[in-house]
């Protein structure tokens, strides 16, 4: 089967499954709504902040506060795109139709990543403008130094978290197992490792913590040895490792 036909087939699969559409919609809704809420609270509490908190106040990053939960929906989307075929047994039919496993996997990744990028960029820009409107006089402008980079970075971050999840799902072949590992890892373990002083230097190299650096405009008062693009580069390495692992196992194992 030609590559264009495989891409068209993967697009048909994704848009025909209601759960994948709902997870993308939820990612946008949660990210925008929570970002709006945190922006309103931050605006109301600004006068009560300490001097240091005011100096490091990052209105752009504040508006992206909802991305912590929004990324979980993107993880679910990535896992379902890959894992649904294993849970339903359709993977055998798919691999019979497309025996070139590299073509099969990377066509699936390409289509899902393009869709995640479109949704991520829309979500990031809407979240920014809604959040800045709620911040009132403390808002940032899209033309301020570093702001456009952070907003575009938000869309890239959501895309990469999706592709990373697809790589993990390709390795594990089970939606439940994949979500059972990814959800607590990003929602709990990563945050704990990043907050505890003994493990903070390790936690900063995890994909979400490194990648989310791109969302910041104001540099926090810490000793992190990389900047916004360096953090995104670290996240790219995690994504590449997950995809290589998924491809290696897909090529090696039976369906």
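Data overview
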quantity: Given (1) surrounded by fewer than 16 Cβ atoms within 10 Å (Cβ to Cβ); (2) modelled with pLDDT of 85 or more; (3) more than 28 Å from residue 150 (Cα to Cα), number of the condition residue 93 does not satisfy; calculated: (2)
quantity: Residue check for residue 176: over 23 Å from residue 26 (Cβ atoms) and touching a helix residue (DSSP H, G or I) at 6+ places or on another chain (Cβ under 9 Å); calculated: no
quantity: Every residue from region 222-255 that is over 19 Å from the mean Cα position of the chain (by Cα) and either within 14 Å of residue 162 (Cα to Cα) or buried (at least 19 other Cβ atoms within 10 Å of the Cβ) (or both); calculated: 247, 250
quantity: Any chance residue 28 is over 27 Å from residue 126 (Cβ atoms) and either assigned to a helix (DSSP H, G or I) or at pLDDT 85 or above (or both); calculated: no
quantity: Check on residue 235, farther than 30 Å from residue 145 by Cβ and assigned to a helix (DSSP H, G or I); calculated: no
quantity: Output for region 9-38, where each listed residue is over 21 Å from the mean Cα position of the chain (by Cα), surrounded by 14 or more Cβ atoms within 10 Å (Cβ to Cβ) and farther than 19 Å from residue 79 by Cβ; calculated: 9
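The values are calculated or read from the model by the stated rules, or taken from the named source; none is laboratory data. Here the structure is a predicted model, which is why all the values come from computation and not from measurement. For neighbour counting, all protein chains shown are included, and Cβ atoms are generated from backbone atoms with ideal geometry for every residue, glycine included.
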